Amino acid sequence: MSMLEKIEKPQDLKKLNKEELKKLPDEIRKVIIDVTKEKGGHLAGSLGVVELTIALHYVFDSPKDKILWDVGHQAYAHKLLTGRYKNFHTLRTLNGISGFPHPEESEHDSFIAGHASNAISAALGIATARDLNGKNFKVIAVVGDGSLTGGMAYEGLNHAGHIQKDIIIILNDNQMFISKRVGALGTYLAKIFTLGLVKEIEKGVERTLSRIKFWGPKLLRLAKRIKVLLFPGMIFEEMGFAYFGPVDGHNLFKLIEILNGIKKLSGPILLHIITKKGKGYPPAEKTPEKFHGIGKKEGLTYTKVFSETLIELAKKDNRICAITAAMPEGTGLIEFQKHFPDRFFDVGIAEQHAVTFSAGLAKQGLKPVCAIYSTFLQRAFDQIIHDVCILKLPVIFAIDRAGIVGEDGVTHQGIFDLSYLRLIPNIVVCAPKDGIELRNLLYSSFKYKKPVAIRYPRGKVDGIYEKKDFEFIPEGKGEIIEEGEDIALVGIGNTVYKIVNTGKKLKKEGFNPCIINMRFVKPLDKEILEKLKNFKIIFTFEENTLKGGFGSAIREELQNFNGRIINFGLPDKFIEHGESNELRKIYGLSEEKIYENVRRYL
């Protein structure tokens, strides 16, 4: 019987003897590696926090004590230790275990954790509510160092230090962002600090500095720098936290000892641990960025077409530059960086900054292309309005992972961008039907000289891709693929090829549908809108929520239309995790279901 089989709840950890505890990290890592190899998922981050996760659940009492993960890429070991081992093989599959913490899945998941930099704010809110409600439990936020590139994390730290609530922040420094300093001294300091000696040490240092100041301001400045070198967490101390560390995050028993000490303290505390991303799996240790997430090989993707096209255009125009928010691999910009390192900018997990930074570049005559996943661009909604669109600045938003993205689930489905972008003045919103159209829309967008959003899906390009000379597509110009009468099938983006094939089936049955690739959601093609008034039934198709989306735009423009308008898209709900085509079938957006639904109405 494996040790994980013995652990149905975190409290069962205390039943293991020391030798079993020593072996448990290896067993957990093996399960994570085996399952993610088959199902995909976020491998490297979870491997790095195995010992920390065991120590947390050994010392604290979940779910009474609240443990938050930022970001949820780190939470696979947490899932295994909180009653989900037997179902872990269903990771990221329909009706299976989610790839991220979600309170609806388990009472041990204290908060949602799909996007980054939110845990400190949420933890502080939980701790404050605890005190107002007169309850007694600990609140712990495990924050990956990458999450500290997001400004919201600092907003939370600033407020937590100010109101001095009892909260523990564990900074998981996986040597990808902050300090590499670790060793016996850091562990020793953390140990003695938890025994209550930290204030005495601080007082001694302060007394020394106060004496030095009599020797002049230059020496005082030097002394303060020495203090920062001696105490690497001074930034957190200045924000009101008691700082402990850095500590070896893979020394399980030392972590248990330190956490037991910290548990007895009160007030805002920050424990700095050093871990190895991808720990225990040599390929992930060597190149952790490649094993951040494991997915399926998909052939030529929209991301690849975007990447190659942008490089081709940038070779001819040295004003073109590329911006991403900590996703150079995912957005395909890693290749752009190799060609144009001076024109590539990775701003970290800071989408708001990415958008406004792009606006600043555009204000000075450059041509910024800001490549961000649809679900993450939501985080910069105000900046798109205030800093880009009001000023009509020519920033191009390359919106990857638009529509259903599949296994990453509710926090990552890119199903709202058509709705939240369409309501903003001064922006062009479009979606290519295939790789060739993506290529031509990117080329054309630079000529519109205004904000442009190009949204495209995750995965393999539709149709046959052949690199040709660029063709200019006028702003707002759609495409009538097939003339017809009575019935119009109007699609956008990756629904177009599906309605083309549906049209072929309908023709065999005696119908004569008109097939339209609208291309642009904003502005809509006025000529096509006029043509649509002649049909009896208009069907619209989009991989976006129906609320305020593409179909809604058609309805708004055809308010006096005498026929019927039937919209197909996603319902007013958050879409669960599962394989993308499986989800499309469930929500009526697979080719088979589109045909069946249209035929039913006819």
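Since every read-out is calculated from the coordinates, none of them should be taken as a lab result. This structure is a prediction, so every number in the text was calculated from the model and none was measured. All Cβ positions, even for glycine, are placed from backbone atoms using ideal geometry, and neighbour counts span all protein chains on display.
What list of ³J(HN,Hα) couplings, whole Hz, do you get for the range 316-324 from phi and the Karplus terms 6.51, -1.76, 1.60, once you set θ to phi - 60° and write x for glycine and proline?
9, 9, 7, 8, 6, 9, 10, 10, 9
Name the residues whose placed amide hydrogens come within less than 5 Å of the amide hydrogen of residue 321, ignoring near sequence neighbours (fewer than 5 apart) on the same chain.
Amide H neighbours of residue 321: 367, 369.
Under a 5 Å amide H to amide H cut-off, with H placed in plane at 1.01 Å, what residues pair with residue 521 once short-range neighbours are removed?
Residues meeting the amide H criterion: 429, 430, 431.
Rounded to the nearest 10 degrees, what's the angle between the helix 351-363 long axis and the longest principal axis of the chain, both from Cα atoms, 0 to 90?
60 degrees
Stretched out fully, how many nm does the piece from residue 14 to residue 531 gain, at 0.36 nm a residue minus the Cα gap?
Working: separation 517, 0.36 × 517 = 186.12 nm, distance 7.18 nm.
Gain on extension, residue 14 to residue 531, equals 178.9 nm.
Calculate, for residue 235 and residue 378, the FRET efficiency according to 1/(1 + (r/R0)^6) with r their C-beta to C-beta distance and R0 30 Å; round to the nearest 0.05.
Using R0 = 30 Å, I get an efficiency of 0.55.
Quick one: order 333, 132 by neighbouring beta-carbon count within 10 Å, fewest to most. Let's see the in-between values first.
Working: 333 27, 132 8.
The most exposed by this proxy come first: 132, 333.
Give the angle, between 0 and 90 degrees and rounded to the nearest 10, that separates the Cα long axis of helix 50-59 from the longest principal axis of the Cα atoms of the chain.
Tilt of helix 50-59: around 60 degrees.
What angle do you read, to the nearest 10 degrees and between 0 and 90, between the alpha-carbon axis of helix 252-263 and the longest principal axis of the chain?
Approximately 80 degrees, to the nearest 10.
Of the beta bridges DSSP finds with both residues in the chain, what % are antiparallel, to the nearest 5? Don't jump to the answer; show the numbers that get you there.
Details: 8 of 65 bridges.
Of those bridges, close to 10 percent are antiparallel.
Alpha carbon centre of the range 106-133 versus the range 388-402: separation in Å?
Each part's Cα centre sits 32 Å from the other's.
Under the rule of at least 5 residues apart or a separate chain, name every residue whose amide H is placed under 5 Å from the amide H of residue 170.
Here 141, 142, 143, 271 satisfy the definition.
Which residues in the range 533-548 place their backbone N less than 16 Å from a point set 7 Å from the Cα of residue 485 along the Cα-to-Cβ direction?
533-537
Provide the gained length on full extension for the span residue 460 to residue 64, in nm with one decimal, where the gain is 0.36 nm per separating residue minus the Cα-Cα distance. Numbers along the way, then the final one.
On the way: separation 396, 0.36 × 396 = 142.56 nm, distance 4.49 nm.
Result for the pair: 138.1 nm of gain on full extension.
Put a dot 7 Å past each Cα toward the Cβ at residue 579 and residue 469; how far apart are the dots in nm?
Simple spin-label model gives 4.3 nm for this pair.
Suppose the chain between residue 105 and residue 601 were pulled fully straight at 0.36 nm per residue; how much longer would it get relative to their current alpha carbon spacing? Don't skip to the answer; put the middle values down first.
Working: separation 496, 0.36 × 496 = 178.56 nm, distance 3.75 nm.
Extra length available between residue 105 and residue 601 comes to 174.8 nm.
For the range 45-126, run through the trypsin sites (Lys or Arg not before Pro) and keep only the ones in DSSP coil with at most 13 other Cβ atoms within 10 Å of their Cβ. Before the final figure, lay out each step's value.
Working: sites: 64, 66, 79, 84, 86, 92; in loops: 64, 84, 86, 92.
Those that pass, being in a loop and sparsely packed, are 64, 86.
Ignoring everything except DSSP H segments at least 4 long, calculate the 222 nm mean residue ellipticity for the chain; use -39,500 (n - 2.57) per segment, divide by total residues, nearest 500.
On the way: 24 runs with 237 residues, N = 602.
Taking each H run of at least 4 residues, the total per residue is -11500 deg cm²/dmol.
Kindly identify the range 302-455 as rounded, prolate or oblate by the Cα gyration tensor criterion: order the square roots of the eigenvalues as a ≥ b ≥ c, call it rounded if a/c is under 1.5, otherwise compare a/b with b/c, prolate if a/b is larger, else oblate.
Numbers: a/c = 1.28, a/b = 1.10, b/c = 1.17.
Rounded, since a/c falls under 1.5.
Give me a comma-separated list of calculated 3J(HN,Hα) values for the range 131-144, in order, Karplus coefficients 6.51, -1.76, 1.60 applied at θ = phi - 60°, integers in Hz, x for any Gly or Pro.
Coupling constants for the range 131-144: 5, 5, 8, x, 9, 9, 7, 8, 10, 10, 10, 9, 10, x Hz.
With a/c under 1.5 counting as rounded, go ahead and sort the range 302-380 into rounded, prolate or oblate using the C-alpha gyration tensor (a ≥ b ≥ c being the square roots of the eigenvalues; past the cut-off, prolate if a/b is larger than b/c, else oblate). Let's see the in-between values first.
Working: a/c = 1.83, a/b = 1.17, b/c = 1.57.
Taking the square roots of the gyration eigenvalues as a ≥ b ≥ c, the range 302-380 is oblate.
Remind me, relative contact order of the chain in percent, using alpha carbon pairs under 8 angstrom and six or more residues apart? Mind showing how you got there, number by number?
On the way: 1223 pairs, mean separation 67.0, N = 602.
Over the chain, the number comes to 11 percent.
Compute the separation of the alpha-carbon centres of the range 537-551 and the range 6-28 and state it in Å as a whole number.
Using only Cα atoms, the two centres lie 51 Å from each other.
How many nm is it between the label spots at residue 586 and residue 90, if each spot is 7 Å from the Cα in line with the beta carbon?
1.2 nm
Apply the Karplus curve 6.51 cos²θ - 1.76 cosθ + 1.60, θ = phi - 60°, to the phi angles in the range 510-517 and return the couplings in whole Hz, x for Gly and Pro.
Each residue's phi maps through the Karplus curve to give x, 8, 10, x, 8, 10, 10, 9 Hz.
Pop the C-beta distance of residue 561 and residue 329 into the FRET formula with R0 = 35 Å and round what comes out to the nearest 0.05. Numbers along the way, then the final one.
Details: r = 46 Å, r/R0 = 1.30.
About 0.15, to the nearest 0.05.
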